[in-house]
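Working notes for the structure below.
The values are calculated or read from the model by the stated rules, or taken from the named source; none is laboratory data. The shown structure was predicted, so the numbers you read here are calculated from the model rather than taken from an experiment. With ideal geometry, Cβ positions are generated from the backbone for all residues, glycine too; neighbour counts draw on all protein chains shown.
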Amino acid sequence: MRMVVVTWAAILIAVLLAAGCLLFAISVKG
Amino acid sequence: MSGLVRGIFSFGAYVFLLLFPLIIGALSRHPGQGRGFWVEFAVACGYVGLAIMAAQFALVSRVQFVAGIFGQDALQHFHKQMGYAVTVFVLAHPMLLFLRGLPWGMLNPFTLEHHWVWRFGAIGFWGLGLLVCLAAFRKRLKLSYEWWHVTHAIIAAVALSSALLHVYLVGYDSSRAGMRVLWSLYLLILFALVVRYRILRPLEMWRKPWEVVENITEHGNARTLVLHPIDHHGLRFAPGQFAWLNTGKTPFHFDQHPISISSSAESGANCQIAFTIKPLGDWSREVVPEIKPGARVWLDGPYGVLSPDRDQGPGYVMIAGGVGITPLHSMCETLAIRDDCRPIILFYAAHDYDELIFREDLEKLQKQMNLKLVYVLEKPNLGWDGEHGRITAELLRRRLPRHYKRFQFFICGPTLLMDAVEQELHKLDVGSEFIHSERFDLV
């Protein structure tokens, strides 16, 4: 159970980070 | 601070630390300095990749504040998952730049015409690739855990240092004060964690040595090392927890293994502690049987969240496979000493009767406490009239009491057994919040 939660937490974080990259690129692209 | 608050705080802090370089990068830019969406997206992937790489060590450096909430095994699993995530970000970084016209030759660290900035980037890139491949395919490549552990640490240090140098030398964002301070701070935190993990923690262990009192041969070729503290008060732990056992010449030795404590947590005045080890790898096959009484060993612990002290219930169902009996033996012994009268049903799966470790102990405990013992043998001996085959939902239903759904379930054993038993328990409508297990077979 904990391992399933951990896997989903890692996926959620990866998605958040990808969204962060997207926002960064949009805000500074010039 | 409660566990939930600490968990949310740790999760939030982790995400924030990974995103912080992007925030600083965006804030320190002046208008009109952008290089287009795809180049900036590639740069962002590089920053995030580097931040994940830097944070990877924190997950496995056994920081009690975090390990006590999630469990060290969950952190190691998370470390592995984030290893795959970092690969995606680090792979995206050069690939997107190549699509924008950067030459593919940049990934060759041996090309003499390249400036060191690209060479460091390439070393970081290939280093990470090697790291992930060795971790993912260690067993298929037949690498010993000890060899893999040492090389994993060395390659990770080389890959991270190269990636950091790459960022410093690229200039642009990293030439700005904010970015330089940020990466220096991350490096400082990482350095502090390494110093704590590789120097301070072993020094603390050195001050608290343990002496091997007995090295007992158990059923199923297992060994029990009984340890006595030398000039200290021993280790306070909860039943079911584990510790890293270091049998090297000094606690600085890389050769350390997470082993469940098999003795009672209520050891009383003698402060002795026991670890039961099955010969499953090089260390347990070759080193453990040769450890003589009088030898000095070191412990780092306790760790682990598999414990009836943490998950209280009106009764317990314990399911063990093979040497997975060790933490459950510790739980039963502890509860017996505490005169705990709650019902315990222990299902113990083994290949045959001779493989049942602690069977005499368990049968004695059955008479002392409210313990029901169910052996499940894969290959039963002639004349065996107990359970045999696998632990199925049908077998569990036959042996469990009426109100089992409110009980806490602890499972320990080989990964395949734990996965199968969890599925069988779901068939019996046992809620996931009542099922507890610990997994270390991650690499």
Self-check item: Complete set of residues in segment B:135-151 that are under 17 Å from B:GLN256 (Cβ atoms) and either without any contact (Cβ under 8 Å) to a residue 60 or more places away in the chain or among the aromatic types (Phe, Trp, Tyr) (or both)
Solution: B:TYR145, B:TRP147, B:TRP148, B:THR151
Self-check item: In segment B:338-382, the residues that are part of a loop (DSSP other than H, G, I, E, B) and among the β-branched types (Val, Ile, Thr)
Solution: B:ILE357
Practice problem: Kindly list, by first and then second residue, each pair from a residue in segment A:5-23 that is assigned to a helix (DSSP H, G or I) to a residue that is modelled with pLDDT under 95 and among the charged types (D, E, K, R), limited to pairs with Cβ atoms under 9 Å and residues at least 6 apart or on different chains. | Solution: A:ALA10/B:LYS80; A:CYS21/B:GLU40
Quiz item: Here is a list of conditions, (1) surrounded by 19 or more Cβ atoms within 10 Å (Cβ to Cβ); (2) touching a Ser or Thr at 6+ places or on another chain (Cβ under 7 Å); (3) at the interface with chain A (Cβ under 8 Å from one of its Cβ atoms), and B:GLY71 meets all of them except one; can you say which number that is?
Solution: (2)
Exercise. Can you tell me which residue within segment B:195-220, out of those that are buried (at least 17 other Cβ atoms within 10 Å of the Cβ) and in a helix (DSSP H, G or I), is modelled with the lowest pLDDT?
Key: B:GLY220
Exercise. Could you check how many residues of segment B:348-395 are at positive phi and of a type in the set (Gly, Ala, Ser)?
Key: 2
Quiz item: What do you reckon, is B:TYR186 assigned to a helix (DSSP H, G or I), within 21 Å of the chain's Cα centre (by Cα) and buried (at least 16 other Cβ atoms within 10 Å of the Cβ)?
Solution: no
Practice problem: Could you tell me whether any residue of segment B:132-155 is under 16 Å from B:VAL43 (Cα atoms), out of contact with any Pro (no Cβ under 8 Å at 6 or more places or on another chain) and part of a helix (DSSP H, G or I)? | Solution: no
Practice problem: Report yes if B:PHE78 is within 30 Å of B:PHE237 (Cα to Cα), within 8 Å of chain A (Cβ to nearest Cβ) and without any contact (Cβ under 8 Å) to a residue 24 or more places away in the chain, otherwise no. | Solution: yes
Quiz item: Which condition number does B:ASP311 fail, the rest of (1) in contact with an Asp or Glu (Cβ under 8 Å, 6 or more places away or on another chain); (2) at pLDDT below 95 being met?
Solution: (1)
Quiz item: Is there any pair linking a residue in segment B:97-122 that is touching a residue at least 12 places away in the same chain (Cβ under 8 Å) to one that is of a type in the set (Val, Ile, Thr), with Cβ under 6 Å and at least six apart or on different chains, and which?
Solution: B:ARG100/B:VAL39; B:PRO109/B:ILE123; B:VAL117/B:VAL170
Quiz item: Can you pull out the residues in segment B:55-68 that are over 12 Å from the mean Cα position of the chain (by Cα) and within 11 Å of chain A (Cβ to nearest Cβ)?
Solution: B:ALA55
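Could you list all residues from segment B:360-386 that are touching a residue at least 24 places away in the same chain (Cβ under 8 Å) and over 15 Å from B:MET318 (Cα atoms)?
Within segment B:360-386, B:ASP361, B:GLN368, B:LEU377, B:GLU378, B:LYS379, B:PRO380, B:ASN381, B:TRP384 meet the criteria.
Return yes or no: is B:ALA26 farther than 19 Å from B:GLY127 by Cα and at the interface with chain A (Cβ under 8 Å from one of its Cβ atoms)?
Against the criterion (farther than 19 Å from B:GLY127 by Cα and at the interface with chain A (Cβ under 8 Å from one of its Cβ atoms)), B:ALA26 qualifies.
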